[in-house]
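Engineer: First the structure, then my questions, so here it is.
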Amino acid sequence: MDINRTQPLGILADILIVDDEPNNLRVLSNLLKQQGYKVRAVLSGEMALSAAKLTPPDLILLDIMMPDMDGYQVCHQLKNDSDTCQIPVIFVSAKDQGIDKVKAFAVGGVDYITKPFQVEEVFARMECHLKLNYLQMKLEEQNYHLQAEICQRNAAEKALKEQNEQLRQEIERRQLTEIALQKTNQELARSNADLEQFSAIASHDLRSPLATINGYAQLLQLCGKEQLDDKCNNFVEQILKLCDRTDLLIGELLSYAHLNQAQDPFQLLSCDRLVQQALENLGTEIYQNQAQVTYDPLPEIIGTESQFVQLFQNLIGNAIKYRREDSPRIHLSAVLQDNHYLFSIQDNGIGIEEKYSEHIFQIFKRLHSQDYPGTGIGLATCRKIVERHGGSIWLKSQVAQGSTFYFTVPNKQRVVERQMIAAIASPN
Ligand code: ADP
C-alpha cells in the first residue's frame, strides 16, 4: 500500500496509538512501522491528550477500555479542543470487551476496529480516513480561498459601482454645464444680434439727424454769431461738442458691435509695425501730454490687423489719458510663455482700485467719468478683440502708482492648431 499518496504535502502519516496494554502497543506499532507510518505510542488517555495537543498526529488509534480515562472520554476531550478536533479517531476494542458504537460515533470517532483484527482491514480503514481527512482539509482550504476571492470580488464590484456612480454624476454634471453653456451661447448670440441690429438702426436713424443738428448748429455759429449774445453762442458751442461726443459714441459702439464680423482675414502681423501705427494715430495725444512711449522688440503674431492696431491704440491711449501730474511714461513688452505671447503695457498713471479690475472691462463701465472724457467702450473692445484671437486680458494696478495691462495671444503654431481643430469641428 502506498501511503504517501494520501498524505498532505507528501509526508508520511503520523499515527498516535493509545493503549494501556504495552504488548498491544508494541504489536500494532511494529505493524504500522513496517508499512512505513510514523508511529507514536502512549499508554494512557492523559498522555494521549498531551501528545496530541503538543504535535497533532494525522490519525489516532484509540483503545476504549483504559483505567482512569476511557477511550470515549479521551475522544470527547480531543473533539472539544480546537487544536485536536480535526484529528480522525478510530476506536480499537477487544471483541469480548464489546463496543458501544452509537457512543463511539456520538463522541466524534470516525470508525472502529475490533480485536483480533485483520491487518489489511486496519490499513484499509486507516487509509480511508487519512484520505477523507486530507480531502476535507483541502476542501476547507479551497473554501477559505474561495471566500477570500468572493470578498475581493465583492469589494472590487463595490468600488466599480462607486466609480460608475461617480462617472454617471460627472457625465450628468457635464451635460448640465453643456446645456447651460449652450443656453448662454444662444443668449449671447441673441444679444449680439440685438446689438448689431441696434447698431444698424443707430447708425442710420441716429447718425443722419445728428448730422443735421450738427450742420444747423454750425450754420448758427457761422451766420448768427453777431445776432446771438455770448450766452446763446455758448449754447451753440455746447450743442456742437455734444454732437461730436455722440458721433464718437455711435462710431465706437458700431465698431464694437461689428468686431466679430471683421472682414479682414487673419494674417501674419509684426507687432512692431502695429504699435508704430497706433502711435501715429495717437500723435496729437502723445504730443499734447509729452508722453514717452518705449517698447522692447515685439514678436510676430497672427490676427486681424485693424483690430490689433485698435487694441494697442486703446491701451496706450488710456495710459496717456489716465495720467497723473507727471508726464506719462509707458512701456510695452512681450514674452513667449508655453504656446502664447504675454504682452504688457505699463503706465505711471492714476491707477485703479483692485476691486474694479474686472468691472472696467464691461461695456460702458467707467470709473473717472467726471474728470476724463470717454465712452466706456474702449476696454470692452480690447477684451472682445483679445478673446476673438484666443487670448485673455487682465490688469494689475496700484492707485496713484500706475497700471499694467496684460493680454495673451497664441503663438503662430498654436493659431494653426486652433484653426485645424475648428476646421475639423465644422468641416463645411
Ligand atoms: P473710457 O476710457 O472711454 O472711459 P475704457 O473702457 O477704455 O473707457 O476704460 C474704462 C475705465 O477704466 C475708464 O473710464 C477708467 O476709469 C479706467 N481705466 C482704463 N484704463 C486706465 C488706465 N490706464 N489707468 C487708470 N484707469 C484706467
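Engineer: Dipole magnitude of the chain about its Cα centre, charges +1 at Lys/Arg Cβ and -1 at Asp/Glu Cβ only, in debye to the nearest 20?
Structural biologist: Using only the charged Cβ atoms, the result is roughly 480 debye.
Engineer: Shifting gears a bit: Quick check: the angle from helix 412-425's long axis to the longest principal axis of the chain, C-alpha only, nearest 10 degrees?
Structural biologist: Helix 412-425 sits roughly 70 degrees off the main axis of the chain.
Engineer: When the Cα centres of segment 309-381 and segment 158-229 are compared, how far apart do they sit, in Å?
Structural biologist: Taking the Cα centre of segment 158-229 as reference, the centre of segment 309-381 is 22 Å away.
Engineer: Among the listed pairs 183/355; 79/101; 241/365; 38/101; 355/396; 53/79, which are separated by more than 19 Å between their Cα atoms?
Structural biologist: Cα-Cα > 19 Å for 183/355; 241/365; 38/101; rest within.
Engineer: Cut-off 10 angstrom, C-alpha nodes, Gaussian network model of the chain. Which of 209, 67, 328 fluctuates the most?
Structural biologist: Of 209, 67, 328, the most mobile in the Gaussian network model is 67.
Engineer: Now for a separate question. Amide H of residue 302: which non-local residues (sequence gap of 5 or more, or other chain) have their own amide H closer than 5 Å, using H built in the peptide plane?
Structural biologist: 269
Engineer: Turning to a different aspect of this structure: Pick from 234, 411, 260: which residue has the top mean-square fluctuation in a GNM of the chain where Cα pairs under 10 Å get a spring?
Structural biologist: In the Gaussian network model the winner is 234.
Engineer: Let me ask you something else. Taking every DSSP beta bridge that has both residues in segment 267-415, what percent is antiparallel when rounded to the nearest 5?
Structural biologist: 85
Engineer: Of all beta bridges DSSP finds with both residues in the chain, what is the antiparallel percent, to the nearest 5?
Structural biologist: 50
Engineer: Another question about this same structure. For helix 22-34, what angle does its Cα long axis make with the longest principal axis of the chain, in degrees from 0 to 90 and rounded to 10?
Structural biologist: Compared with the principal axis, the helix lies near 60 degrees.
Engineer: Mind checking which of 53, 412, 225 has the largest fluctuation in a GNM of the chain, springs on alpha carbons under 10 Å?
Structural biologist: Looking only at 53, 412, 225, the largest GNM fluctuation is found for 53.
Engineer: Still on this model: Can you give the helix-only mean residue ellipticity at 222 nm for the chain, where every DSSP H stretch with n ≥ 4 adds -39500 (n - 2.57) and the sum goes over all residues, rounded to the nearest 500 deg cm²/dmol?
Structural biologist: -18000 deg cm²/dmol
Engineer: Using only Cα atoms, tell me the angle between helix 230-257 and the longest principal axis of the chain; keep it within 0 to 90° and round to the nearest 10.
Structural biologist: 40
Engineer: OK, next. Given just the C-alpha atoms of segment 267-415, how large is their convex hull per residue in cubic angstrom?
Structural biologist: Once divided by residue count, the hull of segment 267-415 is 102 Å³.
Engineer: Moving on to the next point. In Å and on Cα atoms, what radius of gyration and Dmax does the chain show?
Structural biologist: For the chain, the Cα radius of gyration and maximum Cα-Cα distance read 51.1, 160 Å.
Engineer: Compute the convex hull volume of the Cα atoms of segment 129-262, divide it by the residue count, and report the result per residue in Å³ as a whole number.
Structural biologist: Per residue, the Cα convex hull of segment 129-262 comes to 137 Å³.
Engineer: Quick one: what are the phi-derived ³J(HN,Hα) couplings along segment 172-187, Karplus 6.51/-1.76/1.60 with θ = phi - 60°, whole Hz, x for glycine and proline?
Structural biologist: 4, 4, 5, 4, 5, 4, 4, 4, 4, 5, 4, 5, 4, 4, 4, 4
Engineer: Sticking with this one: What number do you get for segment 11-117 when its Cα radius of gyration is normalised by 2.2 N^0.38 Å, N = residues?
Structural biologist: Output field value: 0.97.
Engineer: So what are the ³J(HN,Hα) numbers for segment 341-347, from phi and the Karplus equation (6.51, -1.76, 1.60; θ = phi - 60°), rounded to whole Hz, Gly and Pro as x?
Structural biologist: Karplus-based 3J(HN,Hα) across segment 341-347 equals 9, 10, 9, 9, 10, 9, 10 Hz.
Engineer: I would also like to ask the following. Students often forget the sequence filter, so: which aspartates and glutamates lie under 13 Å Cα-Cα from residue 412 once same-chain residues fewer than 8 apart are removed?
Structural biologist: Filter leaves 300, 338.
Here, each number is a calculation from the coordinates, and none is a lab measurement. The model shown is predicted, which means the values in this text are computed figures rather than measured ones. So basically every Cβ, Gly included, is an ideal-geometry build from the backbone, and we count neighbours across all protein chains shown.
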